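One structure below.
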Amino acid sequence: MSALLELSGINTYYGQMHILQDVSLKIGEGELVSLLGGNASGKSTTLKTILGIVPARTGNVRFGGEDVTARRTSYRIGRGMAIVPENRRLFAPMTVLENLEMGAYLQGDGMKEGLERVYSLFPIVYERRQQLAGTLSGGEQQMVAMRRALMSRPKLLLMDEPSMGLAPILVERSFEIIQQVHASGVAMLVVEQNANMALSIADRGYVLSTGRLVLEGAAKELLAHEDLRKAYLGR
Amino acid sequence: MGGIHLLAGFDSFTLTWPYFFDQLVAGLTLGSLYALLALGYSMVYGILKLLNFAHGEVFMIGSYIGYFVLTALGGAASPDVPIVVLLLLMFAAGMLGSGLLGVAIERFAYRPLRSAPRIAPLISALGVSFFLQQLATLLFGSIPKQYNTFGLHNGSLFNRITLGNFQIQYMQLIVVVSAVVLMLALTQLVARTKVGRAMRATSFDLEAASMMGIDIDRVIMFTFFVGSALAGAGGVMNGLIFQNVNAYVGFNAGLKAFTAAVVGGIGSIKGAMFGGLTIGVAQAFATGYLSSAYQDVIVFALLVVILLMRPTGLFGTPALQKV
Ligand SMILES: Nc1ncnc2c1ncn2[C@@H]1O[C@H](COP(=O)(O)OP(=O)(O)OP(=O)(O)O)[C@@H](O)[C@H]1O
Ligand SMILES: [Mg+2]
């Protein structure tokens, strides 16, 4: 399988603090990969390094066969990356519609079509389009954040803890959408602390611990892995 | 309608409605100029959380550009072009020149320091401010340049239009109307255009905006251009009203406009407009009824009182908790 995204030998710093240490990972076309790890293990930093929001000090990021290590975030998004950030990060003082438009910022003509797709699939979003995003409930915000990320029809969707802060029923709903998106052929990297849930829908998984990848493998194998359980119980 | 006999020491001349309206009109004129200038402080602060101390100097350069255009076109007494064209060219050149200056300042004085501790760009801003003051003194001399707009069309622009007790000079009308047009244009730009949405998104959450593919550097550059162009327009207006420009004219106006931005709620566009008018009117009444010596005392007392009542300013929203 040709890799859509490939990180090799990534080292990322915040000032003097060495966060990601020699991280290498791959995501194939259309693959669903989960990235697991405890608090402060560097999961969000990995996503930010992929997007170029935090620069990698050493190592390479390749996307769609192209070395994008030196490219800015806007370029990478334009090539087909999108993210549902941690805590959703909707633009609270802007309307739902404006938030969706931001998701298609680089799209130009594709925007109308994207909006219609979202509206027909999710009439609730259409009803709420003029509501300020900050006044939506947590669950609604999560739905809008996912729609926003899909507006650009990305090849690779990054998701940072989509289940965080949601009621169990909404967590299930989120995972259903993740599976739908996956089924439509979009590759995904899903960051989760809820390892069981994440691995149950993933093709493969990686486990981060204090900035290093300590485990990787097929999701089924990881689910059964003794060390993973220990890692989670022991953290 | 007679006098209002409330305060001792106020004479029969100042205690009349026409005098009151004169102060109000002068205040609104000055206030719309402050509002234009305050917008630049507010927009830049909204996105970069930076107090752009050099903004007053951008206004000053805009005022000089207006002067040079006026002079190049024959001067106020005998302009080579119709007055409307003359004024439009002064505004256009002042806005363009100031806009480009603002972009250059951001590019060379702020952008290299964007990830530095917050004190660094602040000091850089002060440096740019002094640099531009000195440069203007060096290039244009320490004697103020005279707009002499009293000379335009035999002074008829300073004639008054009378509506009952209410009188306004043509020149004041020109300033207020231009300011309103520019502010409406800005409001529409921010509310309705794609770049406007990008500005609002970036101002709310810069990192999330970059996650949407927004080129933050371009949004910042555009914000500096627009804010500085408005300051340039303010500079030209200042010359038209006060008749002259010197290298330090931006310091005082900048201070008042910055106060206006804080009073309105820094980061808020509506706040900057409203704050500008409030400060302008307060200053005019202080000058008109007390003494020009008290104008700054009144203005800054107003600042303190408003901030005590509303620490985030009149239209400011309390900082949202971002996790
Ligand atoms: N902007 C920043 N500046 C400095 N340090 C940071 C910054 N962002 C994250 N860190 C630090 O980097 C480390 C990894 O953070 P990161 O957010 O990647 O962890 P995470 O695995 O996503 O954690 P969580 O599960 O809590 O979201 C932490 O120690 C964190 O404090
Ligand atoms: Mg995280």
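Remarks
- In nm, spacing of pseudo-spin labels at B:F131 and B:D296 (7 Å Cα→C-beta vector): 2.6 nm
- Taking the Cα centre of the protein assembly as shown as origin and assigning +1 to Lys and Arg Cβ atoms and -1 to Asp and Glu Cβ atoms, the resulting dipole is close to 200 debye.
- Its residue count N fixes a reference of 2.2 N^0.38 Å for region A:79-186, and the Cα radius of gyration divided by that reference is 0.98.
- Rounded FRET efficiency, nearest 0.05, which uses the C-beta distance separating A:R117 from A:T58 and R0 of 30 Å: 0.15
- Relative counts (whole %) of C-alpha pair distances in region B:126-206, using bins that are 10 Å wide: 14, 20, 23, 29, 13, 0
- Across region B:82-115, the residues whose backbone nitrogen lies under 17 Å from the label position 7 Å along the beta-carbon direction of B:S156 are B:82-87.
- Neighbours of B:T278, meaning other residues whose beta-carbon lies under 14 angstrom from its beta-carbon, give a summed charge of +3 when Lys and Arg score +1 and Asp and Glu score -1.
- Options B:G151, A:G42, B:T312, ranked by Cα towards positive dipole end of the protein assembly as shown, top entry (Cβ charges): A:G42
- Euclidean distance of C-alpha centroids, region B:73-117 and region A:15-58, integer Å: 45 Å
- Debye-sum result for region A:132-204 in log10 I(q)/I(0), which assumes one identical scatterer on each alpha carbon, at q = 0.17, 0.20, 0.23 Å⁻¹: -0.62, -0.86, -1.12
- Helix B:17-48 and the long axis of chain B differ in direction by around 10°, with both axes built from C-alpha atoms.
- Ranked from largest, the principal axis spans of the Cα set of region B:1-134 equal 61, 45, 26 Å.
- Just so you know, the Cα atoms of region A:1-137 work out to an Rg and Dmax of 17.2, 49 Å.
- As a rough footprinting exposure proxy, the listed residues B:M95, B:M90 were ranked by other beta carbons within 10 Å of their own, and the order from fewest upward is B:M95, B:M90.
- Neighbour-count order for B:V181, A:V118, fewest beta carbons within 10 angstrom listed first: B:V181, A:V118
- Hypothetical label at B:A77: residues of region B:204-247 whose amide nitrogen lies under 19 Å (7 Å Cα-Cβ projection): B:240, B:243-245
- Histogram of C-alpha separations across region B:253-316, 10 Å bin width, %: 27, 54, 18, 1
- In terms of Cα atoms, the Rg and Dmax of region B:145-263 work out to 18.7, 58 Å.
- Shape parameters for chain A, alpha-carbon atoms, Rg then Dmax in Å: 17.3, 51
- Folded to 0 to 90 degrees: helix B:249-264 orientation relative to chain B principal axis, Cα: 70 degrees
- Evaluating 6.51 cos²θ - 1.76 cosθ + 1.60 at θ = phi - 60° for every residue in region B:272-288, the Karplus couplings come out as 5, 5, 5, x, x, 5, 4, 5, x, 5, 4, 5, 5, 5, 4, 5, x Hz, glycine and proline recorded as x.
- Within chain A, DSSP assigns beta bridges of which about 55% are antiparallel (rounded to the nearest 5).
- Angle in degrees between helix B:194-204 and the longest Cα principal axis of chain B, rounded to the nearest 10: 80 degrees
- Relative contact order for region B:103-228: 18 percent, from Cα pairs under 8 Å spaced at least 6 residues apart, divided by residue count.
- Across region B:258-302, the residues whose backbone nitrogen lies under 19 Å from the label position 7 Å along the beta-carbon direction of B:D11 are B:285-294.
- On full extension, the segment bounded by B:R107 and B:N148 gains 11.2 nm, given 0.36 nm per residue less the C-alpha separation.
- Taking the number of Cβ atoms within 10 Å of each Cβ as an exposure proxy, the fewest-first ranking of A:T46, B:T193, B:T287 is B:T193, B:T287, A:T46.
- Within the protein assembly as shown, DSSP assigns beta bridges of which about 60% are antiparallel (rounded to the nearest 5).
- Taking the Cα centre of chain A as reference, the dipole from Cβ charges on Lys and Arg (+1) and Asp and Glu (-1) amounts to some 420 debye.
- Rounded to 0.05, the FRET efficiency of the A:S2 and B:L100 pair, given R0 = 60 Å and the Cβ-Cβ distance, is 0.80.
- The Cα center of region B:23-66 and the Cα center of region B:238-307 differ in position by 10 Å.
- Size of charge dipole - region B:16-249 - debye, nearest 20, with Cβ of Lys, Arg +1 and Asp, Glu -1, no other charges: 340 debye
- Viscosity 1.002 mPa s, 20 °C: Kirkwood-radius Stokes-Einstein D of chain B over Cα pairs, µm²/s: 105 µm²/s
- Links that overshoot a 30 Å alpha carbon limit, given the list B:K194/B:K256; A:K43/A:K112; A:K26/A:K112; A:K43/A:K155; A:K48/B:K256: B:K194/B:K256; A:K43/A:K112; A:K26/A:K112; A:K48/B:K256
- For A:G37, residues with placed amide H under 5 Å, excluding near neighbours: A:E192, A:L208
- Eigen-decomposition of the gyration tensor built on the alpha-carbon atoms of the protein assembly as shown gives equivalent ellipsoid semi-axes of 56, 24, 21 angstrom, largest listed first.
- At R0 = 22 Å, FRET efficiency that the Cβ-Cβ distance of A:E176 and A:Q131 yields, to 0.05: 0.40
Each value in this text was obtained by applying a stated rule to the coordinates, not by laboratory testing. Note that the structure is a prediction, hence the values are computed from the model and not measured. Positions of Cβ are backbone-derived with ideal geometry, glycine not excepted, and every protein chain shown enters the neighbour counts.
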